[in-house]
Amino acid sequence: MAALPGSIHRTPLTNLAIPGSHDSFSFYIDEASPVGPEQPETVQNFVSVFGTVAKKLMRKWLATQTMNFTSQLGAGIRYFDLRISTKPRDPDNELYFAHGLFSAKVKEGLEEINAFLTDHPKEVVFLDFNHFYGMQKYHHEKLVQMLKDTYGNKMCPAIFAHEVSLQYLWEKEHQVLVFYHSPVALEVPFLWPGQMMPAPWANTTDPEKLIQFLQASITERRKKGSFFISQVVLTPKASTVVKGVASGLRETITERALPAMMQWVRTQKPGESGVNIITADFVELGDFISTVIKLNYALDEGEDDTT
């Protein structure tokens with residue numbers, strides 16, 4: 001984001017177009033792990049009967065990204081969708097990223113992002129902890145401490161969202177905004193409440209319905225003063241998975257719908273009544289990242305109100 005035109009540095013981040021990844025951690029899915037505690041009984045039973053074969057098939061539908069955190073950051077992703085879980089019968093009582101099956105340890109992922117931020121002191125990221133599975137109070141305390149230990153003063157305390165611009169963050173030497181969808185956020189100054197990062201979900205396999213939903217969400221846009229996510233993401237139904245069981249999410253759904261979804265992105269404008277954070281699966285496809293970033297140049301040309 002540091003390479004954007006000068007006036008955009010003073011624009012509230014709520015009014016910028018920012019590229020993000022959906023299930024950002026899912027580039028790594030551990031097929032040896034147990035099934036996540038949030039999965040329905042039908043999935044649990046499927047895996048108990050078919051074992052490793054079932055997990056290999058699940059992975060094709062659970063992995064929504066191929067690039068690791070460092071690669072996503074290098075490509076321009078600045079918003080990360082993070083889902084955290086404890087692992088049943090884990091002797092180390094670790095916290096893991098999880099989406100159906102388990103991914104890497106949270107600590108490792110946070111440290112990977114921090115290494116990039118240390119090397120790029122003008123870059124800013126959004127970490128959105130929006131699902132928690134099997135977590136007790138002490139697990140949340142452990143995660144909060146992990147964030148403190150990893151990012152320290154890089155984290156921006158929660159303030160009015162409209163006050164936060166790149167210029168503001170650079171002056172304060174903050175690089176991380178942490179959103180936390182749990183009441184715990186109210187007790188910790190550097191955690192932004194989850195309601196400050198609404199992310200309406202279309203829950204459809206139909207690209208046309210997705211675009212209608214995205215457009216309606218933008219039209220109704222957001223409680224004043226919050227960030228806002230447009231999820232350019234199609235969600236497979238059970239029947240979709242059965243039909244494309246061996247091919248997976250990318251081939252069966254994402255690549256086929258890409259032209260229509262990218263056309264929608266290209267026609268958007270950022271600003272108070274426009275898009276803000278846009279997330280996608282397989283963010284390397286279709287010039288998604290550069291297309292979102294380019295939307296900000298309309299602001300610099302005075303084509304949208306940024307006040």
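When the residues of segment 221-240 are narrowed to those that are surrounded by 16 or more Cβ atoms within 10 Å (Cβ to Cβ) and not in a loop (DSSP other than H, G, I, E, B), which ends up modelled with the lowest pLDDT?
240
Of all residues being hydroxyl-bearing (Ser, Thr, Tyr) and outside any helix (DSSP H, G or I) in segment 269-299, which is modelled with the lowest pLDDT? Just the residue, please.
Let us first name the residues in segment 269-299 that are hydroxyl-bearing (Ser, Thr, Tyr), namely 273, 279, 290-291, 297.
Going one step further and asking which of them are outside any helix (DSSP H, G or I), we end up with 273, 279.
Numbers: 273: 88, 279: 98.
If we take residues in segment 269-299 being hydroxyl-bearing (Ser, Thr, Tyr) and outside any helix (DSSP H, G or I), then 273 is modelled with the lowest pLDDT.
Here is a yes/no grid of residues against (1) more than 18 Å from the chain's Cα centre (by Cα); (2) modelled with pLDDT of 95 or more; (3) open to solvent by less than 50 Å² (accessible area, probe 1.4 Å); (4) not hydroxyl-bearing (Ser, Thr, Tyr):
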residue	(1), (2), (3), (4)
116	no, yes, yes, yes
119	yes, yes, no, yes
123	no, yes, yes, yes
132	no, yes, yes, yes
146	yes, yes, yes, yes
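Hey, residue 307 hits all of (1) surrounded by fewer than 18 Cβ atoms within 10 Å (Cβ to Cβ); (2) at pLDDT 95 or above; (3) not in a helix (DSSP H, G or I) but one; which does it fall short on?
Residue 307 satisfies every listed condition except (2).
Going residue by residue through segment 172-186, is there one that turns out to be surrounded by fewer than 20 Cβ atoms within 10 Å (Cβ to Cβ), touching a residue at least 24 places away in the same chain (Cβ under 8 Å), under 26 Å from residue 275 (Cβ atoms) and among the charged types (D, E, K, R)?
Within segment 172-186 (the criterion being surrounded by fewer than 20 Cβ atoms within 10 Å (Cβ to Cβ), touching a residue at least 24 places away in the same chain (Cβ under 8 Å), under 26 Å from residue 275 (Cβ atoms) and among the charged types (D, E, K, R)), the answer is no, since none of the residues qualifies.
Working carefully through the options 143, 127, 177, find the one that is aliphatic (A, V, I, L, M) and in a helix (DSSP H, G or I).
On the way: 127 fails: in a helix (DSSP H, G or I); 177 fails: in a helix (DSSP H, G or I).
The unique qualifying residue is 143.
State all residues of segment 266-279 that are more than 16 Å from residue 216 (Cβ to Cβ) and open to solvent by 10 Å² or more (accessible area, probe 1.4 Å); if no residue qualifies, say none.
Selection gives 266, 269, 272.
Would you point out which residue out of 79, 138, 151 is open to solvent by 30 Å² or more (accessible area, probe 1.4 Å) and of a type in the set (Ser, Thr, Tyr)?
Numbers: 79 fails: open to solvent by 30 Å² or more (accessible area, probe 1.4 Å); 151 fails: open to solvent by 30 Å² or more (accessible area, probe 1.4 Å).
Going through 79, 138, 151 in turn, the sole match is 138.
The values are calculated or read from the model by the stated rules, or taken from the named source; none is laboratory data. Remember, it's a predicted structure, so these values are computed and weren't measured experimentally. Glycine also receives a Cβ, built like all others from the backbone with ideal geometry; neighbour counts cover every protein chain displayed. Areas reflect the complete protein model, heavy atoms only, side chains present, ligands, DNA and RNA absent. Shrake-Rupley method; radii C 1.70, N 1.55, O 1.52, S 1.80 Å.
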